[in-house]
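Colleague: Below are the structure tokens for one structure; questions will follow.
Every number in this text was worked out from the coordinates using simple rules, so none of it is lab data. Since the structure is predicted, the reported quantities are computational estimates derived from the model, not experimental observations. So basically every Cβ, Gly included, is an ideal-geometry build from the backbone, and we count neighbours across all protein chains shown.
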Amino acid sequence: MIRSTLWSAAAILALALAVLPAAAAPDESWPPAIEDNSFLVEEAYNQGAGVVQWIVAFQQFRPSGAWYDAFTTEWPAPDQTNQLSLTIPYIAETERLPSGWGDISLNYRYQALAGGERGWWFAPRLTAILPTGEWRDDLGNGAPGMQIGLPFSRRFTRGFAMTLNASGQYVPLSRGTAEDGSAFKADAWGVSEGLSLVWLASSRFNLMLEAVATQDRVAVDDGRTENVSVALASPSFRWAINFRSGQLVLGAAVPIGLTDASPDWSALFYCSWESALWTPKAAP
């Protein structure tokens, strides 16, 4: 119900904005904006030629007090058409639960649509999930998996942008531990949708509202699986500081759980550094 409502609202909003006249005159250039620094939702802008991004995010969950930390780096390969990225998670649990590295993700994205200042951007993603997390401690799947992501982004006016997400994940023979301590295997899968609304208050300061809904079928005991539905709404802000050598983006959010399986709320902190490591060759 939550997921269908989320997508229905997004579709109606996108259709309405698509047919509205632009807020600026056709020959007026919109001011620059922060474009690829959402927290829970994946924006559809690949890295430009020669420009590399490093991202660190910290999220503390309530009421458990557990931390989820992630490091991501994104590289053009060699330009905006193709992008490679790596995500390394670390889960810091409470005293009663173990901590450690999670499953590493290797990502490839293709810039299928580059809509310029006023059009749609689309960058489908293919991810290989590596079983680097210790499955006995619930830090990983214990088996390799894959994920497909479909992010769409568009700036509709000088002051408003939106991103839509859909993704699917599959981990064959995911491993787990039963209540009696015995190990088992079962196929695990998940689907998710996301929506991000961004108010471009200025070229360096944005207010955002992100919403994410996921439904996972996870292994629980002796090959059995069960569905787990999580939905989050997350008000947030991001602030860019421009230097000659690159751009620093800082942000914070308060994701709020909307289902029984969701955490009550959490605090998320975000830091990104983006800079040019090489100069693209000029076209002959």
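Colleague: Order of 58-64, 229-235 by packing, highest average Cβ count within 10 Å first? Spell out each step's value before the answer.
Modeller: On the way: 58-64: 15.4, 229-235: 18.9.
Those peptides, ordered most packed to least, come out 229-235, 58-64.
Colleague: Related question: Quote the FRET efficiency, to the nearest 0.05, computed for Phe71 versus Ser29 with a Förster distance R0 of 45 Å and r equal to the Cβ-Cβ distance. Don't skip to the answer; put the middle values down first.
Modeller: Working: r = 35 Å, r/R0 = 0.78.
In this case the efficiency is close to 0.80.
Colleague: With the radius of gyration and the Kirkwood radius both derived from the Cα set of the range 228-273, what is their ratio Rg to Rh?
Modeller: With Rg and the Kirkwood Rh in hand, the quotient comes to 1.20.
Colleague: Still on this structure, I have one more. If you project the alpha carbons of the range 37-103 onto their three principal axes, what span does each projection cover, largest first, in Å?
Modeller: 46, 19, 14
Colleague: What percent of all Cα-Cα pairs in the range 44-169 falls into each 10 Å bin, going from 0 up to the bin containing the maximum distance?
Modeller: 13, 33, 33, 17, 5, 0
Colleague: While we're here: Could you give me D for the range 163-217, from Stokes-Einstein at 4 °C and 1.567 mPa s, where the hydrodynamic radius is the Kirkwood radius over C-alpha pairs? Units µm² s⁻¹, please.
Modeller: Estimated diffusion coefficient is 91 µm²/s.
Colleague: Now a separate question. Relative contact order, percent, of the range 69-208 when contacts are C-alpha pairs under 8 Å separated by at least 6 residues?
Modeller: Relative CO of the range 69-208 lands at 15 percent.
Colleague: Which order results if Leu86, Leu200 are arranged by neighbouring Cβ count within 10 Å, fewest first?
Modeller: Leu86, Leu200
Colleague: While we're here: Give me the Kirkwood hydrodynamic radius of the range 115-169, using the inverse of the mean 1/r over all pairs of distinct Cα atoms, in Å to one decimal.
Modeller: The Cα-based Kirkwood calculation yields 13.5 Å.
Colleague: One-quarter of the Cα convex hull surface for the range 91-148, in nm²? Before the final figure, lay out the partial values.
Modeller: Values: hull surface 22.0 nm².
That works out to 5.5 nm².
Colleague: Which of the three applies to the range 116-267, rounded, prolate or oblate, going by the alpha-carbon gyration tensor with a ≥ b ≥ c and a/c under 1.5 meaning rounded? Walk me through the numbers before you get to the answer.
Modeller: Numbers: a/c = 2.28, a/b = 2.11, b/c = 1.08.
Because a/c hits 1.5 or more and a/b exceeds b/c, the range 116-267 counts as prolate.
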